[in-house]
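Peer 1: Can you read through this structure? Questions will come right after.
The values are calculated or read from the model by the stated rules, or taken from the named source; none is laboratory data. Keep in mind it's a predicted model, so treat the numbers as computed, not measured. Virtual Cβ from ideal backbone geometry, glycine too; neighbours counted across all protein chains shown.
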Amino acid sequence: MTQSMPLRSLTGFRITLAGMAVMMAGASAPSPFYPVLQQEIGFSAAMLTGIFAVYTVALLASLLVTGSLSDHVGRRPVISGGFALMALSLLLFWQAGDVAGLMVARVLQGIAAGMLLSALSAAVVDFEPQDRPGSASVWNSVIPLGGLAIGALAAGILMDVTEMAEADVFGTLVAAYVLFAAVIWSIPETAPRHGGVWASLRPRIGVPATAAKAFWRSAPAVIAGWATGGLYLALGAPIIRHVFGAEHHLTQASVIVLLCAAGAAACYAARGHSSRQVTLYGTTALSIGTALTLAAIAWQSLPAYLAALVIAGTGFGTCFYGVLRSIVPTVRQDERGELFAALFTLSYLAFGLPTLLAGIAVGAFGLTATTLGYGTLIVLFSAAAGLLRKFGTSS
């Protein structure tokens, strides 16, 4: 028995990481389809922003209500329910024939993502191999970014090579989510049921007391990183199409692929450095990389834009990884769901609110002007976050 439990824990570690990758692939896979859906269904750029926004609002509401639920009822029920709801949302998205259908699908996907983000992240930490301390923070940063990159890459390729791209992408994801909803019950439960379930469902956000100092010290870096992600995930593909004139779906999807793949690679490469060094690098790379993308837009050079995206992507990934390294060791096992709920709430506020405002600004000022203004604010805020971390603490 003592030999089988470590083996089962390792299996649980791998299954939860695979689940995280597949969940995040489903978050990015719809993005390359939006221009096509916009033509087929017929909706404005402002409505497209609304479809993005309802996902973020639903995700945040889900985090506020269910973020710490897995600390009370166990990881497996929350993860299984989240994947079942995710399968339903992608099925509805695949079959949607109007804006209302897309909205409903995105709301359900946001609720499911909120359930899964905190529960899966906490489970990965629970299953961390004892002989590899700190590996959970590495993989909790690498795997989500890798999943985002793979989802966008696969969707972009299939849209260019087959007429059945929607069926291939969404059919595969729905089947995978149903599979994970069942398979998750085969791994050990790491958060035994205890009291306070109903109280945990009251909409709230809280940071465990032991993590509060490190959490708020790291907040500017989190905001800088996720606001940058929002810039490129929301406006990156339209920039590729309208500023640089690239029509291929794979080229448009390359924004997400390069940003997230570079972030994942940087997180893995940075695993031997201190959390402070990683965060300082991240804020610096965000500032420099974003500034270079703005220069490439002004120069109208697509190769320069894509190269600058790689630099910004390394900052996007390492900002989040450095923060995880700082805060995860400060909390107990039964507080991890609550901690990740607070972290992802802050992250998605930083991701969603600027994106929504940018969508409104595009209608008033145009795509290029909005991107240049948004990007300039990212450059300044990232630099400020780095200076605060550099001079605000030595840890």
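Peer 1: Condition (residue is in a loop (DSSP other than H, G, I, E, B), surrounded by fewer than 24 Cβ atoms within 10 Å (Cβ to Cβ) and of a type outside the set (S, T, N, Q)) applied to segment 219-242: is it met by at least one residue?
Peer 2: Among the residues of segment 219-242, not one is in a loop (DSSP other than H, G, I, E, B), surrounded by fewer than 24 Cβ atoms within 10 Å (Cβ to Cβ) and of a type outside the set (S, T, N, Q), which makes the answer no.
Peer 1: In this structure, does residue 315 turn out to be surrounded by 19 or more Cβ atoms within 10 Å (Cβ to Cβ), under 16 Å from the mean Cα position of the chain (by Cα) and within 26 Å of residue 265 (Cβ to Cβ)?
Peer 2: Answer is yes for this residue.
Peer 1: When residues of segment 99-113 are filtered for being farther than 11 Å from residue 86 by Cβ and crowded, with 22+ Cβ neighbours inside 10 Å, how many remain? If you could, list the steps in order and put the result at the bottom.
Peer 2: As a first pass, look at segment 99-113 and keep what is farther than 11 Å from residue 86 by Cβ: 99-104, 106-107.
From the residues that got through so far, the ones that are crowded, with 22+ Cβ neighbours inside 10 Å too are 102, 106.
Total satisfying the criteria: 2.
Peer 1: Being modelled with pLDDT under 80, under 16 Å from the mean Cα position of the chain (by Cα) and within 13 Å of residue 159 (Cβ to Cβ) is the filter here; which residues of segment 29-64 pass it?
Peer 2: 31
Peer 1: Which one is nearest to the chain's Cα centre (by Cα) among residues in segment 285-303 that are of a type in the set (Val, Ile, Thr) and buried (at least 19 other Cβ atoms within 10 Å of the Cβ)?
Peer 2: 290
Peer 1: Out of all the residues in segment 328-341, is one or more part of a helix (DSSP H, G or I), without any contact (Cβ under 8 Å) to a residue 12 or more places away in the chain and not aromatic (Phe, Trp, Tyr)? Talk me through it step by step, then tell me what you get.
Peer 2: Filtering segment 328-341 for residues part of a helix (DSSP H, G or I) gives 328-330, 333-341.
Those left that are additionally without any contact (Cβ under 8 Å) to a residue 12 or more places away in the chain: 329.
Add one more test, that the residue is not aromatic (Phe, Trp, Tyr), and what stays is 329.
Within segment 328-341, one or more residues are part of a helix (DSSP H, G or I), without any contact (Cβ under 8 Å) to a residue 12 or more places away in the chain and not aromatic (Phe, Trp, Tyr).
Peer 1: Just to check your reading of the model, which residue among 312, 308, 304, 246 is among the aliphatic types (A, V, I, L, M) and not in a helix (DSSP H, G or I)?
Peer 2: 246
Peer 1: Report whether or not residue 92 is farther than 17 Å from residue 344 by Cβ, of a type outside the set (Lys, Arg) and touching a helix residue (DSSP H, G or I) at 6+ places or on another chain (Cβ under 9 Å). Don't jump to the end; show me each part of the working.
Peer 2: Numbers: farther than 17 Å from residue 344 by Cβ: yes; of a type outside the set (Lys, Arg): yes; touching a helix residue (DSSP H, G or I) at 6+ places or on another chain (Cβ under 9 Å): yes.
Taking the combined requirement at face value, the residue satisfies it.
Peer 1: Would you check which residues across segment 255-274 are buried (at least 24 other Cβ atoms within 10 Å of the Cβ) and either in contact with a His (Cβ under 6 Å, 6 or more places away or on another chain) or of a type outside the set (A, V, I, L, M) (or both) and list them?
Peer 2: 260, 263, 267
Peer 1: Just a yes or no: is a residue in segment 46-67 over 24 Å from residue 230 (Cα atoms), surrounded by fewer than 24 Cβ atoms within 10 Å (Cβ to Cβ) and in contact (Cβ under 8 Å) with a residue 40 or more places away in the chain?
Peer 2: No.
Peer 1: So, one more: Among the residues of segment 72-93 satisfying the criterion of being surrounded by fewer than 24 Cβ atoms within 10 Å (Cβ to Cβ) and of a type outside the set (Gly, Ala, Ser), which is nearest to residue 62 (Cα to Cα)? Give the steps one after another, and end with the answer.
Peer 2: Going residue by residue through segment 72-93, those that are surrounded by fewer than 24 Cβ atoms within 10 Å (Cβ to Cβ) are 72-74, 76-77, 80-81, 84-85, 87-88, 91-92.
Of the ones still in play, those that are also of a type outside the set (Gly, Ala, Ser) are 72-73, 76-77, 85, 88, 91-92.
Numbers: 72: 16, 73: 16, 76: 17, 77: 15, 85: 12, 88: 16, 91: 20, 92: 19 Å.
Checking each candidate, the answer is 85.
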